[in-house]
Structure formats: C-alpha cells, structure tokens
1. Per residue, how much accessible area does the range 529-599 show when a 1.4 Å probe rolls over the protein heavy atoms, in square angstrom?
2. First measure r as the distance between the Cβ atoms of His307 and Ala490, then evaluate 1/(1 + (r/R0)^6) with R0 = 41 Å and state the FRET efficiency to the nearest 0.05.
3. To the nearest 0.05, what FRET efficiency results for Asp287 and Ala693 with a Förster distance of 41 Å applied to their C-beta separation?
4. By the scheme Lys and Arg +1, Asp and Glu -1, what is the net charge of all other residues having a beta-carbon under 10 Å from that of Tyr177?
5. Estimate the FRET efficiency between Ala269 and Trp539 by the formula 1/(1 + (r/R0)^6), using the beta-carbon distance for r and 45 Å for R0, to the nearest 0.05.
6. First select every other residue whose beta carbon is under 15 angstrom from the beta carbon of Lys535; then total the charges, Lys and Arg +1, Asp and Glu -1.
7. How far, in nm, would the chain grow between Ala59 and Ser665 when pulled straight, counting 0.36 nm per residue and subtracting the alpha carbon separation?
8. Going down the list Lys352/Lys535; Lys244/Lys388; Lys230/Lys367; Lys159/Lys367; Lys294/Lys345, which pairs span over 20 Å between their C-alpha atoms?
Amino acid sequence: MRALVRLWLAAMMLVLSPTIAQAEDGYDLWMRYRSVGTNLGFVTIDARGTTPTLTVAAAELRRGIAGLSAPAGVAQTATPAIVLVTAADRDVTALHLPTAPLGDEGYLIRSVTLKGRPVTLVTANSDRGVLYGSFALLRHLQTGGSLDRVDLSSTPRIKLRVLNHWDNLDGVVERGYAGQSLWDWWTLPDFHDPRYTDYARANASIGINGTVLNNVNAKADSLTAPYIAKAAALADVFRPYGIKVYLSARFSAPIELGGLKTADPLDPAVAAWWKAKSDEIYRAIPDFGGFLVKANSEGQPGPRDYHRSHADGANMLAAAVRPHGGIVMWRAFVYAETDPEDRAKQAYTEFKPLDGKFASNVIVQVKNGAIDFQPREPFHPLFGAMPKTPLMIEFQITKEYLGFATHLAYLGPLFAETLESDTMAKGPGSTVAKQLSGMAGVANIGRDRDWAGSTFNQANWYAFGRMAWDPTLDPDAVAREWAAMTFSPALVAPVVAMMSGSREAVVDYMTPLGLAHVMATGHHYGPGPWVADLKRPEWNPVYYHKADKAGIGFDRTVTGSNAIAQYAPPVARRLTDPATTPERELLWFHHVPWTRPMASGRTLWAELVHHYDSGIGYVAGMRRQWDALRPQVDAERWQKTATYLAVQEREASWWRDASLAYWMSINGLSLPTGAAPPAHDLAWYEAQRFPHAPGNPQ
Ligand code: BDP
C-alpha cells in the first residue's frame with residue numbers, strides 16, 4: 001500500500017513539477033512547439049488526401065499546434081481550420097491563386113474562404129510542397145505569427161539540397177563531433193530507430209531533400225546487397241518527408257566487389273558492372289537519388305588511375321543511373337602530392353578544361369573555397385568558370401576547422417559570404433548563388449542527444465537548410481527564426497547578438513586577415529602554425545602562411561602562384577593589388593611585410609595582434625551575455641552552453657598565444673605596447689598532443 005502511495009506521489013510530482021515539465025536536452029531541435037503565449041484554440045486540420053506525405057504533414061501540424069496553443073482548453077468562438085490540399089483540387093483551382101510559379105516544391109499559404117468557410121489554406125503543386133508549407137506555417141506560428149490573414153509563399157531557389165554524412169559503416173563519423181553515426185547499420189534494416197523519423201522531420205522542416213548516407217571516403221561494402229537493404233530501410237522512412245537517399249560510391253568497387261581486374265571507366269565490363277549494380281539498387285530503392293564520388297583525391301581511387309579524365313569516370317556512372325532518373329555528384333576536391341602547383345589552383349586546373357564534357361545528369365560538387373573549409377576562404381574560382389556544367393557548392397556544417405562542437409560559431413554569415421560573392425562571370429551580379437544547381441552540407445549530426453554536439457550547432461544545420469532553400473536569406477534573419485523556435489521569442493535579440501559575430505570571432509582568434517590551414521596535424525584541433533615536417537608539402541601550415549623575417553602570406557599574384565588569374569578578369573584585377581584586396585583576405589593572396597600599414601593605421605603585425613585579441617574579447621562577451629540569460633533558459637541547455645563557452649574562451653587565448661609565440665620566433669618583433677605576452681613559451685605550445693581527438697580518420 002505504502003509503495004502504491006509513493007508511486008502515486010511520484011507521478012503527481014511529475015505532473016506538477018514545472019522544472020521537470022520544462023526540462024530540455026535539445027532533442028526537439030527547433031521543433032519544440034512550446035506555447036508562445038498565443039492561444040490558437042482548437043484548430044482542425046483537414047488534409048484532403050491520404051498520401052504518406054500529406055499524412056505526415058497533417059500529423060506535424062496537429063502536433064505543433066497542440067504544443068503551441070497550450071494551455072489548451074480555451075475554446076474560441078469560431079473553430080479555425082487549416083486545409084492541406086494540392087493545387088489541382090477543384091476547390092482550389094476555383095480560387096485562381098498564383099500557384100503555377102510554385103514549381104514542384106514551392107508552397108502558398110493563405111487565409112481564404114473555401115466553399116463558404118474561412119480557412120487557412122496550405123497548398124502547392126505537389127504534396128511535398130504542402131509538407132514544406134505546413135512546416136512554414138508552423139515556423140510562422142512559432143515565431144509569433146497568427147492564423148489571421150496569413151499570406152506566405154516561397155519556392156526554393158536551389159533544386160538539390162542535400163546533407164553529406166561522412167559516416168563510416170562501423171559507426172565512426174569522420175570529422176564528427178556529436179557522437180557515433182545516427183545510422184545503426186547493424187540493426188538495420190529491421191529496426192527503425194524513431195530518431196530516423198525525427199531526423200527526416202527536422203530536414204523536411206528546413207527543405208532538405210536529399211541525404212548521402214555514407215562517407216565520401218567510401219567502403220565498397222556499402223554497395224553490397226545487405227547494405228543496399230539497410231539503405232532501402234532508411235529510404236522508406238525518409239520518403240514521406242521528401243528526402244531521397246544517395247550513396248557515396250567507391251570507384252574501385254567493380255574490383256573489390258565484382259572481381260574485375262580493373263575499374264577503368266572505359267572498359268565495357270566495368271560499365272556493365274555499374275549498370276547492373278545501379279539496377280539492383282533501384283530495385284530496392286525506386287527513387288534512389290544517385291551517387292556521390294570522391295575520386296583521385298587524398299588516396300581515393302578514380303579514373304586517373306587509368307589515365308582517364310574525371311569526365312570519363314563521372315559519365316560512365318551517370319549512364320548507369322540515367323535510365324532510373326539518377327544523378328552523379330562528382331567532387332572537384334582534388335589535389336595531388338605529385339603536383340607542385342599551388343594546391344588552391346589544382347581543382348580549377350583539372351576541371352575547367354572539362355567544362356561541357358560532363359553528361360547532363362552529372363553535377364560537379366565544389367567546396368566553397370579552394371583549400372578546405374577554413375574559417376574564411378575566398379570563393380572557389382570554379383564558380384562561374386564552368387558555364388556548361390551544373391555545379392553544386394559544398395559547405396562543411398561540422399566544424400572541423402572551427403573548434404569542433406565546443407566552439408560557438410554560427411555559420412550563417414560564412415554561407416552568405418560565399419553565396420553572395422560576385423564571380424563577375426557574366427558581368428556584375430553573377431553571384432556564386434546564381435551559379436548553383438545544388439548545395440551540399442557536410443552534416444554535423446550524430447547520436448548525441450542534442451544531435452549536433454551543442455544547442456548552437458543546431459543553428460548551423462538549420463541555417464544550411466534554410467539558405468539552401470533561399471541563398472539570399474539574411475543570416476541574421478535566419479538566426480532570429482532559429483532562436484525564437486529554439487529558446488523563446490523573448491530571447492531572440494540577445495541570442496542573435498551572440499551568434500551574429502561568432503564566426504568572425506573564430507576567424508579572428510584562429511586565422512585573421514586571410515591566414516589559413518594553420519591547424520595542428522590530422523585532427524586539426526588547436527594551433528600548429530609551426531608544423532613543417534609532414535611528408536606532403538601542402539599538408540604543412542608553413543606552406544600556407546609562408547611567414548619569414550620580412551613578412552607573411554601566400555603570394556598568389558603573378559609574382560607567385562598566380563592563382564588570382566583563375567578568377568574572372570575584374571575580380572582578378574581587384575585582387576592583384578594588396579591595396580584593393582579586402583584586408584580580410586589579404587594574406588590569402590599576398591605576401592606582405594610585417595610593417596605594412598593597414599586601414600586602421602596599425603602595422604600588419606599590430607593588426608594581427610588586434611584581431612587575436614578581438615576574437616577573445618568577443619567570446620568573453622558571449623559568456624557575459626549567456627550568464628545574464630541564465631534565468632530564462634532551461635538548466636540543462638544553459639549549463640552545457642556555459643561550459644562550452646568557457647572552453648572556447650580558454651582555447652581562443654591558447655590560439656592567440658601559440659600563434660603569437662610562433663610569429664615572434666619568425667619576425668623577431670616585440671608585441672605592441674599593452675599587448676599581453678603569451679602565457680607559455682613556443683616549445684610548450686609545440687609540445688601539446690591530442691591523441692584520440694574525435695573525428696580524425698585513423
Ligand atoms: C577534409 C577532411 C577529410 C575529408 C576531406 C574531403 O579533413 O577528412 O576526407 O576533407 O572533403 O576537410 O574529402
């Protein structure tokens with residue numbers, strides 16, 4: 001009896017305790033659907049149709065509105081209704097709404113009178129569009145909008161919006177900082193972890209329509225029958241949410257799995273093997289998206305092994321998936337140790353001559369910058385340089401070079417900076433965004449309870465999706481949406497103020513003024529500008545900064561590697577002169593004296609010190625801000641963020657001190673008056689080791 005009473009008491013406490021009721025661990029992402037103060041009353045959701053996509057759209061709206069309108073129970077005079085229906089419905093056509101421009105993914109949400117009844121109509125030319133509209137309506141309500149006089153409409157500007165998971169079949173995520181892979185390959189295809197559905201909901205809510213399940217450094221095993229069945233199980237879960245599954249393909253799979261002697265793309269037996277393999281995949285996954293390929297890059301096999309071009313390789317695979325409507329995303333991330341050319345030039349040198357040689361279902365996937373996902377890189381010169389080839393941009397959402405999961409760096413401004421860069425390829429206004437058929441993001445998702453390793457890393461997943469849908473979105477506006485949904489509308493201003501400059505702060509304390517790739521070896525965690533002993537020259541930080549007694553920076557003008565010539569002439573002209581090169585990219589393009597006067601009136605050396613200090617100062621400011629928000633944020637999410645900000649501040653100082661200790665050992669200069677000396681000597685920084693750092697491929 002006493003036990004029963006105790007159980008009853010415990011149950012009552014659960015019901016009554018506000019802290020338990022509000023405990024949050026980040027699992028719900030931006031789909032928390034907590035009451036925003038507006039009572040929506042009893043809203044009916046009327047889905048006209050029973051397709052799986054319409055069904056999940058209606059379910060999401062029910063779930064969202066139930067949460068948002070709590071405390072429930074206060075009936076309104078009229079019962080508002082939301083109607084989900086495709087535009088082909090006769091009642092909708094009778095309204096003569098502008099649905100034609102929505103294409104097959106856009107949506108229109110409007111307060112209308114449907115057969116004499118006032119309703120909120122969510123319509124589109126496909127049920128996928130209705131799904132996106134449903135999420136848009138929820139976003140509208142979550143960010144303070146109401147059901148009165150709604151008029152929203154949007155169509156994606158980029159067709160292909162995909163995540164790239166660098167997930168290995170053993171569960172390790174290359175460059176992953178949020179735990180093991182989400183895909184539990186071992187229990188697939190039988191067990192469908194509910195997280196797979198929540199992953200699909202999250203992606204659909206931001207318009208992501210494809211996912212590459214496995215690492216670009218691919219194992220052929222992912223193309224065997226058992227793994228195809230596992231991928232098919234995931235595809236079944238994702239399908240109602242409009243998400244197609246893609247696989248990274250290992251180019252030598254015909255040898256490893258097919259027992260062939262070669263993987264030469266022009267060998268008919270090789271082409272036949274890929275055709276049969278593709279047919280097999282499509283039997284299991286009828287809407288399979290296609291392949292992503294990393295070839296002849298960092299040791300991966302590829303067509304160059306047989307003296308064939310990247311186009312030969314890509315086209316052979318493209319022919320195999322073409323009858324099924326599939327595509328091939330072929331990566332341009334290539335550089336060779338045998339090639340003495342500036343690494344920043346090699347992708348362009350190799351791919352530009354292939355423009356016009358790729359099959360129409362090949363998309364060349366180009367990283368945002370010419371090196372490798374640095375805190376800041378100028379846009380890749382291939383954008384605008386291959387007018388006859390569909391291109392997609394690849395960003396890295398996981399922050400391999402920006403402090404892993406522990407540093408708060410909102411990447412919206414990084415995405416925007418590249419997307420709005422003007423290639424000048426077809427005259428002014430030829431932004432990178434306008435050259436794109438697709439946008440890929442290397443996912444930051446793992447099995448951590450909060451998915452992305454920290455609450456603020458969720459914003460980067462969110463911003464990636466939103467900006468792939470519309471690359472002209474203002475990153476601060478995206479941050480505002482995210483903050484309102486992730487915390488509460490009251491926290492938007494202070495949270496966005498923290499996020500806005502956070503990526504620039506990382507640039508400041510790691511790679512100011514155009515420096516790049518000065519991270520420690522392998523894991524890329526922490527500073528390593530002194531590293532000079534790795535076997536490939538372009539793996540060494542000294543290759544990138546070229547610091548000497550006289551100055552610092554990589555001369556990419558005509559007196560140096562002339563990488564600048566890969567840009568359209570008006571861009572190249574501007575970058576040729578240090579005076580017209582933006583200071584933020586100065587050392588990327590020029591080797592300049594330490595004493596060079598900068599716009600601020602400081603010397604370059606003093607300016608560098610100033611940037612390191614500003615970066616640290618910004619992080620200190622974020623900590624203060626976050627401390628002040630403590631009463632308004634649930635304990636668990638507050639505490640984890642607070643702890644990570646403390647780590648970030650400590651590491652920002654480490655970056656500054658280690659970098660300055662090294663630069664001083666090269667330039668022999670003393671610190672500007674008032675600047676604090678590094679906490680340790682250079683040898684101390686050089687001696688730091690981080691075995692087993694996460695994400696590092698062994
Ligand atoms: C680099 C990563 C490496 C990836 C490579 C790639 O360090 O782990 O395999 O990019 O994009 O950033 O292929």
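1. Numbers: 3220 Å² over 71 residues.
On a per-residue basis, 45 Å².
2. Details: r = 63 Å, r/R0 = 1.54.
Using R0 = 41 Å, I get an efficiency of 0.05.
3. Values: r = 38 Å, r/R0 = 0.93.
Computed FRET efficiency for Asp287 and Ala693 comes out at 0.60.
4. On the way: positive: Arg175, Lys399; negative: Glu400, Asp448.
Surrounding charge for Tyr177 is 0.
5. Numbers: r = 37 Å, r/R0 = 0.82.
So, using R0 = 45 Å, E works out to roughly 0.75.
6. Details: positive: Arg343, Arg536; negative: Glu298, Glu337, Asp339, Asp533, Glu538.
Combined, the nearby Lys, Arg, Asp and Glu give -3.
7. On the way: separation 606, 0.36 × 606 = 218.16 nm, distance 6.27 nm.
Once the chain is fully extended between Ala59 and Ser665, it gains 211.9 nm.
8. Table pairs above 20 Å Cα-Cα are Lys352/Lys535; Lys244/Lys388; Lys230/Lys367.
The values are calculated or read from the model by the stated rules, or taken from the named source; none is laboratory data. These numbers come from a predicted model, not from an experiment. For neighbour counting, all protein chains shown are included, and Cβ atoms are generated from backbone atoms with ideal geometry for every residue, glycine included. Protein only, heavy atoms only, side chains kept; ligands, DNA and RNA dropped before computing areas. Shrake-Rupley method; radii C 1.70, N 1.55, O 1.52, S 1.80 Å.
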